[in-house]
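In what follows, a single structure is set out as structure tokens and then discussed.
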């Protein structure tokens, strides 16, 4: 709370009263100190004296509103008239207080100002999350927005959105400070899911953990969990807001599941058709390539370099078409996962060696960060090699000379998964490219087929894993592939059955 009054005695009394009410008070007698405080911090309510020298209270309020437009301000004066009250409210004051203060009136008007400010803030957060939900089909982005909004509206220290995957609760999004105890938050999420209603329980250091289940048609799919600051108990409004945010997170998860189901059937049919078309095209392409090379050799024998160059371009175009056919065939063919106990780091080393030739040509640095705790995994090394190499080459192609590609592994023993991250500091993707990264035949590369990332996701999904993509223009791209160590993940339905 910001209090500004040039009467030192009144300022001291107000500071004591408001502190006794439990408010964090910044009190000053000078306008310039008040403006400095507003620029350096954030306030929930302002109390400003109307008649001050050299700046009157209304002028100071307007200067403060230039810095914090939604700050509710109560104008104080011992010269209360209806005209000054109307002028103060018309020029942006929330309300008007006359001196000497009546304790109950002071408290009531401050509480009303706080409630109004909170309502406006919560409305903005709900609208922001709703806009994200409506405009983005990326579940991770929606869950991030929900977690951030939950922290800001409830003033919690942290928020974590858990999703149930293979009977394990997996943190999918978080906001605020890191939790002192992940197991406590996970236990609270499990309790809320089992009861089917928001729950509240004590946390460490006088904190309170509140969890709301994410309910979809098949039952609880996770939970939204917040942890309050020490000795702060959530109110009914907080619980209602958490219920709203948890329902929005549940909508995002439900929409993702529906999209996966629809995509599974549609892409499987498309894959079968594409494979048949590719098979019919493959043999004629091989013949055309032989003819083009024969023509190029004949023209070079006749010293017709211009004609030979045209024939070479025909050969190169045929090679590109053959690559498209190969990708289409791979996409249309169901992925048969042949699992064997595999050390993940040598497999990644092999992919890095294959990619390094192109990286050296561009003067690109490749950095590997291996988690020594990673165990051997029951995976199909041949299929994962294709996925890892595809992602690495994509990262290298996005880098300018002198760029950096980081390949990292992290083992999570609590859910027995290994996350392989391939991150570059290249050009990144804009919103449209990111939203269409897995669309068939969509590519920004002159010679791309637009099937690479769809195949990568299919391979990861067939292993019971999950692929996430994080990118922004000018800030690079990070591809994270989270894979189960054992065979608990359910294989997908082939290349067309990815989520």
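Here are a few things to note about the model shown:
- When residues of region 329-345 are limited to those that are under 16 Å from residue 387 (Cβ atoms) and assigned to a helix (DSSP H, G or I), the one modelled with the lowest pLDDT: 331
- Candidate set from region 181-200 (those that are touching a residue at least 24 places away in the same chain (Cβ under 8 Å) and assigned to a loop (DSSP other than H, G, I, E, B)); member that is surrounded by the most Cβ atoms within 10 Å (Cβ to Cβ): 198
- Test for residue 54: is it surrounded by fewer than 16 Cβ atoms within 10 Å (Cβ to Cβ), free of Cβ contacts under 8 Å to residues at least 24 places away in the same chain, more than 44 Å from the chain's Cα centre (by Cα) and assigned to a loop (DSSP other than H, G, I, E, B): yes
- Filter pass, residue 252 being modelled with pLDDT under 70, closer than 30 Å to residue 379 by Cβ, buried (at least 17 other Cβ atoms within 10 Å of the Cβ) and under 27 Å from the mean Cα position of the chain (by Cα): yes
- Test result for residue 354, under 25 Å from residue 471 (Cβ atoms), in the same structural domain as residue 459 (by TED's automatic domain parsing) and at pLDDT 85 or above: no
- Within region 106-159, being at pLDDT 75 or above and assigned by TED's automatic domain parsing to the domain that holds residue 43 holds for 106, 107, 108, 109, 110, 111, 112, 113, 114.
- Counted residues, region 160-183 - those being over 22 Å from residue 482 (Cα atoms) and within 14 Å of the chain's Cα centre (by Cα): 1
- Residue within region 71-82 that is free of Cβ contacts under 8 Å to residues at least 60 places away in the same chain, assigned to a helix (DSSP H, G or I), in the same structural domain as residue 113 (by TED's automatic domain parsing) and more than 27 Å from residue 152 (Cα to Cα) present: yes
- Count - residues of region 26-43 that are part of a loop (DSSP other than H, G, I, E, B) and surrounded by fewer than 18 Cβ atoms within 10 Å (Cβ to Cβ): 4
- Number of the condition not met by residue 17 [criteria: (1) within 41 Å of the chain's Cα centre (by Cα); (2) closer than 20 Å to residue 94 by Cβ; (3) in a helix (DSSP H, G or I); (4) modelled with pLDDT under 90]: (1)
The values are calculated or read from the model by the stated rules, or taken from the named source; none is laboratory data. Owing to the predicted nature of the structure, the values given are computational and were not obtained by experimental measurement. Note that we place each Cβ from the backbone using ideal geometry, even for glycine, and neighbour counts take in every protein chain shown.
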